[in-house]
Structure formats: C-alpha cells, structure tokens
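Note sheet for the following structure.
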Amino acid sequence: MIPFRVSYWHIQPVWIFYLLAIATLTVLGLGIAIHVSVWRKGIKRQSVSFSLKDIFKVIKEGILGTRIFKGDVAAGTMHGLIIWGFLILFVGTLALSADYWMFPFLHGSFYLLYSFCLELAGLMLITGLIWALIRRYVQRVPRLERRFEDLLVPVWLLAVAISGYLAEGSRLGAQSPEWAGWSFVGYGLSHLWSGQKEAMSAYPWFWWLHALLSMGFIAYIPFSKLFHILAAPVSIYLENQPLQIIPVESREEEVFSYREAIFFDACTRCGRCVEVCPSAGAGEPFTPRDFIAWAKQGLLTDYHLLNSVDRFKNWMEQRGTENGQFDASKIWHCTTCRACLEVCPVYVATPDAIRSARSKVVEQGTEMPDLLARSLKNVYKYHNPWEATKKKRAKWASDLDIPNLTKEADGNRLCYFVGCTTSMELRAQALAQSFVKILNHAEVPFGTLGKKEPCCGDIARRAGEDGLFEMKMEDCSDLFQSCGIQDVVTSSPHCFHTFRNEYPPYMTLREPDEQVSFRVRHYTEVLAELLGKGSLKFENSLGLKVTYHDPCYLGRYNRIFDAPREVIRAIPGVKLLEMTHHRENSLCCGGGGDRMWQEEMDGDPKMSEIRMQEAAATGADVVITACPLCLIMLEDALKTSGLENKLRIMDLNELVAMALELK
Amino acid sequence: MNIVVCVKQVPEVSDADLEINRKGSDIDREDLEFEINEWDNYAVEEAVRLKEAHGGHVTVITLGDEDCEDVLRQSLAMGADEAILIDEDGFEMSDAAGIAKGLHGVVKDLSFDILLTGVQSSDNSWGQVGLILAELLGLPYASLVVGIEMGDGKATVFRELESDTQEKVELPLPAAMTVQTGINTPRYVSILGIKKVRKIKIKETDADELNLSEDEIGAEGSCVTSRKLVIPSIGGAAEMLTGSLDDICNKAAQIIQDKGGLV
C-alpha cells in the first residue's frame, strides 16, 4: 500500500474548523491592520526602494539568524531551533492544505520523507522552547525580562507542539499503518494507548485541542512580541534605506517616523541593548529597551484604530501609566553612542528615535533641561555653546601664525575646522595646538576660519532642535562656499560626522547654486595619510604603554578604527594595549548626545569613571583618544576616580607632537 | 482672562567686556548681543501659563527700535497672541516715568484683567516702570510677585520678602504686578517656534499717535536726568592675580589659607 494520510480523518463536523479558521484570520488581519495603521501615522511616508541586496540581508540575518548568533551563540542556536522548527511545520501545514485542496502529492516515499522532516521540526521546536524557558527562568540570563507575555508565548507554543504530537500519536495508534515508524515521535507516543479502540477515542480530542491552540496562537501574534515575526524582517530590510530629510517647517505633528514605528514593533525586548548601554551600565534610569517600550506604548495610545472608543482609549492610557517606569524626562540620558544599534538583532535605531522624541520636547519648550536650553540659546546667539564671544574663538591660536581662510580665500589649502569646544575649552585647546604644529612640521598648506568659524550644528541636531541645526548648517555652508573651501579636517568626530553624514541629505533641499559639497576628514585620517606619505618620521623611542579609547562618532558611527591605531603603532617604543571594550564595542565617555551641555545626571560611578577603570586595568601609562569631548570627560574622571598618579590622558595629536619633539 | 505684558530688550552682558561710550551717556552697544530682559521673560511665561490654565488673550508691548521685534517674536512664539511695538523716537533720554507714559498710551485702551511687567530691567535697573504704569492707570499693584492664583474677580498674589518669607496679598481685578525671577521656568523657544509666528503682524505705533508731546517724554519731560555712566575705580581690597594658571591657583590658595579659609 502506498503511504499517505487522510485529511480530517474522522473529524466531524469539518465546517466548524473552517469557521474557526476564518475567525482566526480575521483577528490576525485586524491585529496587523492596527500595527500598519500606526506605522502609516508616522511622519511623511517616504517611498521605499526595492533592493535585492537587502532582501538577501533579511534572509541571512533574520531567517538564517546570523545577526542573532553574533555575540550570543546560545541565544542564536535557541532561536534557530524555534524559528526553523516553526517554519518547517508552517510550510508542512501549507503543503498539507495544497495536497488536500489543489493537487495531491503527499504520498509514497515523498510522504514518508515529509513525515520524517516534520517530526524532526517538532523536536527542534520543542527543544528550542524548553531551552528558551530554561534561559529565562532557570539560568535567569540577566538581560531577559520576565513578564507574563514572556512565559505565555513559549508555553503556548510548547502546548501547540505537544498536542500536535499527541494527535499524531493517537491517530497512528488508531490506524497502525505499516509506515508509522517514519513518524518516530508520534509512533513512540502511539503506545500510550493500549489498543486501537482507545487510541481512536482519544484522537479527535487531541486533534481539536491542537487545532484550537494553533489557531489561538496565530490570532495572538499581532497582540504580543510575536509580532516581530512580521515586523523584524521589515525592520532589517529598512536598515539601509536612506533616511528622508524633512525640513523643520514641513514637519507634521507626529513625533516618530514610520520606520521608527516599525522598529518599535520589531523589538522583542531581548535586552542586548541593555547590556551594552553605557548609561544603563552606570546605573542611570535609562535603557534603550525601556525607551522603546515607552515610545511604542505612546504611539499605540495616540493612534490605535479603536481610539474613537473612549473607554478603550482610557484603558490604553491607564495601561501606559501603569507600565510607566519610563517618562519623557529620561530621554536626555541617552549619549547617542550607538552601542545599542551595534548589537540589536533587528536594527532598532534608538539614537534616531531619541532625537525624534527630543524634538517634540524642544518644540513644546516647557520640559527642556535648563542647561541644555541655555546652551542652545548660546549656539543661536554666540555660535557656540560655551557662551564665548567671537574674539575668544581664535584666542587659542594667538601665538600661532595661522592663515585665515576667510580673509585670503584659497581653495587649495586644507581648512582646519577647529570646532567650538576645541577652540574654547582650555584642556581641548592643546589638541588644536598640537595638530597645528604637526601640520606645520609636515608642511601641509592649511588655514582656519579664525573668529568667523561657525558652529557645525551638531549640538542642535543631537538635541532635536532641527530648526537651529538647519540655521547653523546654512551658516557653515554659506561660509564654506564664499571662502571656496573644498577640503576640511576637523578636531572633533562630532563635527566630522555632522559634515559627512548630516549635511549631504539636506543639500538636495537647497537651491542648486547654494548646494555645497566638500571633502571632510577627521584629523586621525589626515595623520594616517601623512604617516603613509612619510611626512611623519619618528626618531626617538618613547617607551610608553598606551591604550586607545575609540570615540563613538569616529568609530561606531564612521567605522574609523584603524587610522588612529596605525599612527600609534608607528611610534617607536609605544606599545598599544587594548581595553576590554574597544573598536565597535567601545564604551562611551558620557559626553555625547549633548550630555556635555546638560545638568549632571550621572550614576555612581560615572560612565567616564567606568571607562577610566577599564583603561587602568590594561596596565597602560597613557590613555589616547581622538575627540575633544572624550578628552575633557576622561580627564575629569581621572581626577574623580583617583587615578591621577597612575594614568595620563592625551589626545592623539599630543602624543604625535611629543614623539616628533615639536615645541 | 486677558493679560498685558510689557517687555524690554536689553543687551546681554554676562560674558561681555563692557565699555562706556565717549560721552559717558551709555555703554558701547556695538558687538553686543541683545535679548529679552530676564524679568520680563518670566512675566511672559507667567502670562502664557495663566492663559493656558484659564483661557484668554495675551498681548505683549515693548518700546524700542525696530530690532526689538525679536523680543516680541520670541514672546509670540512662547504663546502670546498679539504684539505691539511703540517706536522709541522721541523717548530717548526718558526717565522711567517717560517710558511708563508711552506704555500707558497703549495700555489704557486695552481691555485686560492683569498687567504684568518684570520687577526691573537688567540694564537700567530703575525698577519703577511697572509701579508708575499702575499709578497712571489707577490700578492696585503688587511688586516682587512669585506666585499668582486666580480667584473670582480677584487674584491672590505671593510676594517675595526677606529670608525665604513670602507675603500673600489679595488684589481686585484688574490689577498690575511686577514679576520676580523664579516665579516659573520660562519655556525654551525653538527656531521653528519663531518661524511659525513670522506671519503674525506686529502693530506699530509712536509718540505722535499716542498724543504724547515733547514736554511729557524724552529728556524734557523727565524729572530724573542721567548725567553720566562710570566704571567704579578699583578699590584697595581687590587684588588682581597675574601669571600662569598654576601660579594664579597657588596664589589664590595661599590667600584663602592666610585668611583662614583652608584648614
């Protein structure tokens, strides 16, 4: 006899099953509609372009799960077992429908192979689910939360899988086909019943139980974190799509963009971001996960399809406040260091969403942190956050004879964009003075913008004050254009990032004759280039052990990890020791995301102190960094954590100038 | 409830090296940045908050040149509904009474429940305009206000006194008050906020339109005449430390120690 399976064997009445299936799909459809309608409320829906590369990325990172493996093999394997078990069973069920409704193909040896594969898939699923439960409730992996939903989802799915095996086992017990051994788990279970008759009486019960649990599970998907099954692939696909720029005056009332709304739905609260967040690590009341949950709840409360029903809206608002350990005042903790995005399996761009949330607070104006409000006013009035008059901007260079590119336009000269903090802050000025000496030593023709140098707008951008950012961008662009500036080098990774990544999309919105394009580099790249050309020759051995602190906006944001290390390694007698967290895993100094210009809201110990402890643990004599903000933050931490006698903190320029013996 | 707020534009001097002009009549205003007088900013914020809580209409008035439009725009962005600019022509060298007469010319024709000004301005610091204005209008008046509670036809007002004490007074409406800093936290005004009120038309008026003659305002109409601005000479007790940063710090530490400040 050819092996096969009878669908709906002894199941009566079948129409109830179809009715339930229709109800399930209706609930699923409604649930998806709720999410999609919230997405559609996001700011300006931009067109999404087709990209084959990104589809492959979704398959590789999402479905094959490479991104979930990264950094956590156990979680990756566990998730792989569940997703693959689930997918194979899902496809198997679809195949069964096709076999029944369209063309029968599940018979003979192909059917046996099919049965065997589904049997394996069931085992994978069960193994994965039990592993997931063990990780969360026995191992109690610290990053995992234990909410009701976290228990319900795996237990439910486990019940689906086990009831499926029992339905199969009782059917095999009742039918006892000769090929039953291919369904090895079901076959084993079929011996639970003493005879065919007993198995036959149990079978319909398990069949219906399995059907009800499965349909209930499907209907539950959009109302739980399971929705990531649908949202995560979209989120991964969108990661590389260019951000659309909306000038501040064309903004709508909505706070978040549609892609941010999708990102929030893709989040499963896995907590990898919590593990790497420097603010959370310093014990501050902020984690990316809490922020995302808060933002997601806010979107649902504002835009839920059922919001026209007052009682529902009140209930949602009530729920929002009950879950509320997080509130809008905490968004200012984020240093926008991007560590969370580095590890997020579904690319939830927290720093961008934080900016969106900040924009809302800025426009309302009443809940702004005082010091930040003052710093932004300073940027508007004085063109720098330090409340310093124009005269003071060029003071650091009063002893250095630097050509002023605003007076003698010379497009061939490198424009050294010093930046507000490097110009005004006493400690950071040493960075600029050293860099100028190095450029002179290497005979690089360069100049600065003197006291006319504007603020690049980074501070406004990070604060979500986009009107001010646009204003500063216009100031800078106009000045660069009028002075014929083509080639820019910055002290700060923040100015560098702003010029390199934030200006270009805005340029397309300006009149063609006002669009400015220029090359921008961070000084570490220029130093590496000079080294490569042989313009920097180190003769004396320094005999120093150093460690290098990667600034977030140089490393994670712009992937410049090697240039500074090449320079350090080229200096004779300098040994580079790496900290536990380095390159893309670097820990933020605590000065980014405008934390530099806000009230202290540090934990104990501070982020910068944690970083300095890590640096001290390498046994290095000197910590090298390449950002004025890092330099100031870490220098302060050196004093407050009592490491003053063990460690020194230097900018890379200072180290190079020292190695070249420049006075 | 309608509220009128009188505001003033002043030079921002916290980080500027001030110099007095050759005539000694004023500080050298070139290279200075200007902003809304700090006290007035609190007054505008308070007015907007009262409006948000009780409804109504907020009108801001200033007396100055056309650059003062910035101050009015900022107030509109904060939530004021209407702005009036009185041209300063003819008001030069006015004392506080002259300025108050100008403001009075506009305010007397407005219907309002509360009239607010800052306690004083950061540049001239007379602290008289609000009081004289209340007198010209014949209104009950409270100074140094740090809290306002609205009642039925009256306002309960908290006044700041010495050493953290406050006086609670009741004023029938309409009433005039001068607002002390710290009554609230003025909101941040974003660039977008200012751009959004760009289209609101600012009403302009001047001394002629207000029927103020030369003998009422300006130098001639003033009882108080400013003779000269001076920078006080450095007294003997002050010592300027010179040298490198380290030297200055060491010297300062030494002085503090000598005076018994460091044990």
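Quick note: the coordinates plus some simple rules give every number you see, no bench work behind them. What you see is a predicted model; the values in this text were computed from it and never measured. Cβ atoms come from the backbone with ideal geometry, glycine included; neighbour counts cover every protein chain shown.
Less than 5 angstrom separates the built amide H of B:Glu12 from those of B:Glu33, B:Phe34, B:Glu35, all sequence-distant by 5 or more or on a different chain. Residue by residue, the stretch A:484-493 carries 3J(HN,Hα) couplings of x, 7, 10, 9, 10, 10, 10, 6, 9, x Hz when phi is fed to the Karplus relation 6.51 cos²θ - 1.76 cosθ + 1.60 (θ = phi - 60°); x denotes Gly or Pro. The stretch A:542-597 and the stretch A:446-509 have Cα centres lying 24 Å from one another. Net charge dipole, the protein assembly as shown: roughly 5220 debye, given to the nearest 20, about the Cα centre with Cβ charges of +1 for Lys and Arg and -1 for Asp and Glu. Roughly how many Å is it from the Cα centre of the stretch B:213-241 to that of the stretch A:611-661, as a whole number? Measuring centre to centre over Cα atoms gives 52 Å.
Rounded to whole Å, give me the distance from the Cα center of the stretch A:332-362 to that of the stretch B:76-130. Here the answer is 45 Å between Cα centres. Taking a straight Cα-Cα cut-off under 18 Å and skipping sequence neighbours fewer than 8 places away in the same chain, the lysines within cross-link reach of A:Lys70 are A:Lys57, A:Lys60. Dividing the summed -39500 (n - 2.57) terms of all DSSP H runs of n ≥ 4 by the residue count of chain A sets its mean residue ellipticity at 222 nm at -16500 deg cm²/dmol. Among the listed pairs A:Lys390/B:Lys199; B:Lys108/B:Lys154; A:Lys395/A:Lys663; A:Lys390/B:Lys251, those with a Cα-Cα distance over 22 Å are A:Lys390/B:Lys199; A:Lys390/B:Lys251. Working note: Karplus 6.51/-1.76/1.60 with θ = phi - 60° gives the stretch A:619-625 the couplings x, 6, 8, 9, 9, 9, 9 Hz, where Gly and Pro are set to x.
List the aspartates and glutamates whose alpha-carbon lies under 20 Å from that of A:Lys606, not counting same-chain residues fewer than 8 positions away? By straight Cα distance, A:Lys606 reaches A:Glu275, A:Glu284, A:Asp550, A:Asp594, A:Glu614, A:Glu635, A:Asp636, A:Glu644. Pairs over the 18 Å Cα-Cα cut-off, from the set A:Lys391/A:Lys451; B:Lys23/B:Lys228; A:Lys381/B:Lys201: A:Lys381/B:Lys201. Between A:Lys537 and A:Leu577, the FRET efficiency estimated from the beta carbon spacing at R0 = 30 angstrom works out to 0.75. Taking amide H atoms as placed 1.01 Å from N in the peptide plane, the amide H of B:Gly127 lies under 5 Å from those of B:Ser121, each 5 or more residues away in sequence or on another chain.
Projected label points at A:Ser201 and A:Phe223, each 7 Å from Cα along the beta carbon direction, are separated by 3.6 nanometres.
A Förster radius of 51 Å, combined with the Cβ-Cβ distance separating A:Val91 from A:Ser329, puts the computed FRET efficiency at roughly 0.60.
Near A:Ala211, once Lys and Arg are set to +1 and Asp and Glu to -1 for all other residues with Cβ below 15 Å from its Cβ, the sum equals 0.
If only the Cβ of Lys and Arg carry +1 and only the Cβ of Asp and Glu carry -1, the dipole of the stretch A:235-364 around its Cα centre is close to 240 debye.
Legend: mean number of C-beta atoms from other chains within 10 angstrom of residue C-beta atoms, peptide B:180-189, equals 4. The trypsin sites (Lys or Arg not before Pro) of the stretch B:16-103 meeting both criteria, a DSSP state outside H, G, I, E and B (loop) and at most 14 other C-beta atoms within 10 angstrom of the site's C-beta, are B:Arg22, B:Lys23, B:Arg29.
Does the stretch A:14-227 classify as rounded, prolate or oblate by the C-alpha gyration tensor (a ≥ b ≥ c root eigenvalues; a/c under 1.5 gives rounded; else a/b over b/c gives prolate, otherwise oblate)? The shape class here is prolate. Each label point was placed 7 Å from the Cα along the Cα-to-Cβ direction; for B:Asp215 and B:Lys108 their separation is 1.7 nm. With the dipole of chain A worked out from charges on the C-beta (+1 for Lys and Arg, -1 for Asp and Glu) around the Cα centre, which of A:Ile88, A:Phe217, A:Ile162 lies farthest toward the positive end? Of the listed residues, the answer is A:Ile162.
Applied to the stretch B:112-117, the Karplus parametrisation 6.51 cos²θ - 1.76 cosθ + 1.60 on θ = phi - 60° returns per-residue 3J(HN,Hα) values of 8, 9, 9, 10, 10, 9 Hz, with x for Gly and Pro.
For the stretch A:376-528, the Cα gyration tensor yields ellipsoid semi-axes of 23, 18, 14 Å (square root of five times each eigenvalue, largest first, whole Å). Taking loop as defined by DSSP and a crowding limit of 16 other beta carbons within 10 Å, which GluC sites (Glu not before Pro) in the stretch B:186-244 fit? Answer by residue number: B:Glu209, B:Glu214, B:Glu220, B:Glu239. Scanning residues 5 or more positions from B:Ala155 or on other chains, those with amide H under 5 Å from its amide H are B:Leu171, B:Leu173, with H placed 1.01 Å from N in the peptide plane. Which of the three applies to chain B, rounded, prolate or oblate, going by the alpha-carbon gyration tensor with a ≥ b ≥ c and a/c under 1.5 meaning rounded? Cα axes put chain B in the prolate bin. Considering only alpha-carbon pairs that sit under 8 angstrom and 6 or more positions apart, the relative contact order computed for chain B is 23 percent.
Among the GluC sites (Glu not before Pro) found in the stretch A:226-325, those both in a DSSP coil and sparsely packed, with 13 or fewer other Cβ atoms within 10 Å of their Cβ, are A:Glu252, A:Glu253. To the nearest ten degrees, helix A:14-40 and the longest principal axis of the Cα atoms of chain A are 10 degrees apart.
Counts of other chain beta carbons within 10 angstrom of each beta carbon in peptide A:464-477 average 2.
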